[in-house]
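Colleague: Structure provided below as structure tokens; questions to follow.
Any read-out appearing in this document is the output of simple, stated calculations on the displayed coordinates, not a laboratory observation. All values reported here derive from a predicted model rather than from experimental measurement. Heads up, the Cβs are rebuilt from the backbone with ideal geometry, glycines too, and the neighbour counts pull from every protein chain shown.
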Amino acid sequence: MDYSDEIKKRRTFAIISHPDAGKTTLTEKFLLFAGAIQIAGAVKSNKIKKTTISDFMEIERQRGISVASAVMSFEYRNLKINLLDTPGHKDFAEDTYRTLTVVDSVILVVDSVKGVEEQTEKLMNVCRMRKTPVIIFVNKMDREGGSPFDLLDELEKKLDIKVRPLSWPISRGSSFKGVYNLYDKNLHLFKTQQKLADMEAVSISDLKSSLLEEHIGAENALQLREDINLLNGVYGTFEKQGYLSGEVAPVFFGSAVNNFGVKELLDAFVEIAPSPGPMAADARIVKPEEEAFSGFVFKIHANLDPRHRDRIAFFRVCSGRFERNKFYKHVRLETEVRFPNPASFMGQKKEVIDEAFPGDVIGLYDREIFKIGDTLTEGEKLMFKGIPSFSPEVFKELIHTSMKAKQLEKGIKQLTDEGVAQLFLMSHGNRKVVGTVGLLQFEVILYRLQHEYGAECRFEPVNFFKACWLTTTNQAKLDEFCKFKADRVGRDKDDNIVFFAESEWMLHHYIEQNPEIGFHFTSEFKNDTKE
Ligand code: G4P
């Protein structure tokens, strides 16, 4: 069977941002434009405003009910768009990093007033590592702020990527007039809170035209001509190849809440964004058009209702055609499994599907047989790469306090399978250290262990700054280092050796002193020694 038409039709991507930049608003506008939802407010913000456990639980409860938790698929211009959701809160960043491993491209939203924020930089680092094509949307142009030229400089410098504006703002804040679309060569005029039907575009292929003065006034027209001249001189022509290889990020300006610049962004996105590409597995590169089906689990969503232990595993199809009720090989468990009710997520609705193609993300009801990274194939022994564990940022030692040791072991194993946290077993005294991206995670673990497994534990602080996965070309040197630093060495879930540095300064010291040992900040050892 030739699936190439199905593959070409698909665009699988994520919208990412620092919290509050406008990710939820933009997501909602995309769904509105595509007709996948009818009213604003239908997309639930997954933002955790108060950073409290009850807030998190509330959101999880809502997510359990609402299906728009991991992927929203919709049709637009005869294409099937799979938009993957990512958590807004930074304590859940690891979840976002993992989602980035299954998308073919990304739209990065930046607040035009706040510029590049901490989370924006971290997310961009992951995209750069994977060479993911990125489009940048500069949002909130209706607010007062600095010059867009300065912002472009900031994007290039802080995000370490070349940029190429494809639309250009005409003034901003209260005098914001609109954007000139450099890609389609037309002018879009701005009205606040405009309705979708009200979009007004004036086609101006020649910027010398007096139409410009007519629509935006003499002063703005002069400024725009100057700006575009400068832009063309500084940024050159847009090369799609540069974008596809992750070297150049096209930039669009707009205001998501006002529906402005969103359609230009979506139209350009569907035109230039890549369809599903090859994925790297341990043995070989898997091409989407291969006939044999394969794919992997990148996220597991537990239903927090303690009466139901069911979980949904989110699965990206990488090659071939997935069929309902067909037996596939669960590579890690070496068993055959089939799925009577695989689900897809169209707009806000969950539907049982009969088939899925590369690029699609489906939900598989999981009777606790999956962990993140698990692969299904038609028989081939294959594990997909690119779902690394990232170095956690907060570490605590787990101390048993309940008699239910078995329940606790089971619970902690399940939670680490789901990727809620990473568990490390220390060389000294079999101490258990839990690593997470944020403090909130520890509260989530305590809550879930108690409510789902009836087990209790507590966490004690440990003086660890960063986890580094170690490799070497000289085994004797590594053995010596691990022996010398035994209280700071442990193993991860896959039995890899991990070293825990106490501070940034000491880490640099160890790296300098041990040139034959590789210190890596993700569990997959490639291009990742840069923070
Ligand atoms: P996030 O998912 O990235 O965290 O951001 P979200 O879309 O929730 O947007 C954060 C806030 O920014 C929201 O206001 C939203 O209305 C506002 N916003 C989004 N786009 C624009 C824009 O183009 N211009 C302006 N001025 N504001 C924008 P909020 O007060 O936090 O929430 P709400 O009560 O308005 O929903």
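Colleague: Sort Glu418, Glu512 so that the residue with the fewest other Cβ atoms within 10 Å of its own Cβ comes first and the one with the most comes last.
Modeller: Ascending Cβ contact count within 10 Å gives the list Glu512, Glu418.
Colleague: Can you pull the three principal axis extents for the Cα set of the chain, in Å, largest first?
Modeller: The Cα atoms of the chain stretch 79, 55, 45 Å along the principal axes, largest first.
Colleague: Would you work out which of Thr471, Leu439, Val110 lies farthest towards the positive end of the dipole of the chain, given +1 charges on the beta-carbon of Lys and Arg and -1 on that of Asp and Glu, about the Cα centre?
Modeller: Leu439
Colleague: What is the magnitude of the charge dipole of the chain about its Cα centre, with +1 placed on the Cβ of each Lys and Arg, -1 on the Cβ of each Asp and Glu, and no other charges, expressed in debye to the nearest 20?
Modeller: Charge dipole, the chain, about its Cα centre: 1020 debye, nearest 20.
Colleague: When each pair of different Cα atoms in the range 394-527 is counted once in the 1/r mean, what is the Kirkwood radius in angstroms, to one decimal?
Modeller: That comes to 15.6 Å for the range 394-527.
Colleague: So if we plug the beta-carbon distance of Lys185 and Glu75 into 1/(1 + (r/R0)^6) with R0 = 25 Å, what FRET efficiency do we get, rounded to 0.05?
Modeller: It comes to 0.35.
Colleague: Now, a different point. Once R0 is set to 60 Å, what does the formula 1/(1 + (r/R0)^6) return for the Cβ-Cβ distance between Lys158 and Lys413, expressed as a FRET efficiency to the nearest 0.05?
Modeller: Using R0 = 60 Å, I get an efficiency of 0.95.
Colleague: When only C-alpha pairs under 8 Å and at least 6 residues apart count, what is the relative contact order of the chain, in percent?
Modeller: Taking the mean separation of contacting Cα pairs over the length of the chain, I get 14 percent.
Colleague: Can I ask one more? Taking only the alpha carbons of the range 279-377, what extent do you get along each of the three principal axes, in Å, biggest first?
Modeller: The Cα atoms of the range 279-377 stretch 42, 30, 21 Å along their principal axes.
Colleague: For Ala249, which sequence-distant residues (separation of 5 or more, or a different chain) have an amide H within less than 5 Å of its own amide H, given hydrogens modelled in the peptide plane?
Modeller: Under 5 Å from the amide H of Ala249 lie the amide H atoms of Lys162, Val163, Arg164, each far enough along the sequence or on another chain.
Colleague: Taking the highest mean first, how do the peptides 125-136, 492-503 order by number of other beta carbon atoms within 10 angstrom per residue?
Modeller: 125-136, 492-503
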